[in-house]
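Have a look at the structure below before the remarks.
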Amino acid sequence: MSLRVKEIFYSLQGEGGRQGEASIFIRLADCNLRCDFCDTDFTVKETMLLEQILEQISQYPCLWIVWTGGEPMLQLTDEIVLFFKEKGFLQAIESNGHYWLPENLDYKVISPKGKSDYAKKINPQADEIRLPIQKGDIIPNQKSLPEARFYFLSPVFTDDKTTTKANIDYCVEQIKQHPEWCLSLQIHKLIGIE
C-alpha cells in the first residue's frame, strides 16, 4: 500500500483539544475542496509505501500521528490506520468531514469548510469540531451539529495582520455571545513553528 504524501514533519499540535502536544504530521496530497482561505499547498510531493513512511517517522520519539492534508480521507483507509496502530502509534485525523472516517483512530477532528449548512456536512464521529471563521461568518447553532467533546471557533490567519486581527476579534465576540464555543488559536503560527 502507498500514499501520496505532501510532507512529513515533527512539531507540536498547534490548535484544538490536543494543542501543544508533540505530534508527527503526515500531510497527504489532494483535497476535494478549494477554500479561498486555505494556507496549505497540498500537491503531491512523492508517493510513499507505508513501510517508507514508517521508517521516516520512526526517527521521532513520539507515538502520535496526525493525518492531515488537503483532505486525508481521499486516501486513508481502515487498513492503513490499522497498519500504524499495530506498530504502536496513536492516530489523530483532521478532516473536513465529507467522508466517513476509518476505524481505530484515537482522536477525530472535523473541521468543515464553506458557508453552507454545517450540520449536513459533518459525519457524527468527532472528538472535536473546529470551525475556521472569518469576520462576518455565521456561527451555527451548536445543537444542530453532531455531538463532540469539544467545539472550537478558529479564526482564519492570513498574510494581512489587520485581517487576522479582525478575524480573531470576531471569534472572541461570537464566543462571548455563544459561550458553548471555545477559541482555538493557531499557536504554531503565533510562535513561528511549522
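The values are calculated or read from the model by the stated rules, or taken from the named source; none is laboratory data. Quick caveat: nothing in here was measured; it's all calculated off a predicted structure. Quick reminder, even Gly has a Cβ in these numbers, built from the backbone with ideal geometry, and neighbours come from all protein chains shown.
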Which ones in region 142-194 are touching a His at 6+ places or on another chain (Cβ under 9 Å) and more than 30 Å from residue 10 (Cβ to Cβ)?
-> 142
Name the residue, out of 170, 107, 118, that is of a type in the set (Ser, Thr, Tyr), at pLDDT 80 or above and surrounded by 20 or more Cβ atoms within 10 Å (Cβ to Cβ).
-> 107
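Name every residue in region 46-76 that is within 17 Å of the chain's Cα centre (by Cα) and in a loop (DSSP other than H, G, I, E, B), in order of residue number. Quick ask: steps written out before the conclusion?
In the first step, residues of region 46-76 are kept if they are within 17 Å of the chain's Cα centre (by Cα); the result is 64-76.
69, 70, 71, 75, 76, listed by residue number.
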Being in contact (Cβ under 8 Å) with a residue 24 or more places away in the chain, assigned to a loop (DSSP other than H, G, I, E, B) and not hydrophobic (A, V, I, L, M, F, W, C) is the filter here, so list the residues in region 138-158 that pass it.
-> 146, 149, 158
Across region 69-90, the tally of residues that are surrounded by fewer than 14 Cβ atoms within 10 Å (Cβ to Cβ) and touching a residue at least 24 places away in the same chain (Cβ under 8 Å) stands at 5
For residue 93, all conditions in the list (1) crowded, with 16+ Cβ neighbours inside 10 Å; (2) part of a loop (DSSP other than H, G, I, E, B); (3) modelled with pLDDT of 95 or more hold save one; what is the number of the exception?
-> (2)
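Under the condition of being among the β-branched types (Val, Ile, Thr) and surrounded by 12 or more Cβ atoms within 10 Å (Cβ to Cβ), which residue from region 38-68 is modelled with the lowest pLDDT? Give the steps one after another, and end with the answer.
Step one: list which residues in region 38-68 are among the β-branched types (Val, Ile, Thr), which gives 40, 43-44, 47, 53, 57, 65-66, 68.
Retained after the next criterion (residues that are surrounded by 12 or more Cβ atoms within 10 Å (Cβ to Cβ)): 40, 44, 53, 57, 65-66, 68.
On the way: 40: 64, 44: 67, 53: 97, 57: 98, 65: 98, 66: 97, 68: 92.
For region 38-68, the residue satisfying everything is 40.
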Only unsatisfied item for residue 71, checking (1) closer than 24 Å to residue 47 by Cβ; (2) modelled with pLDDT of 95 or more, is (2)
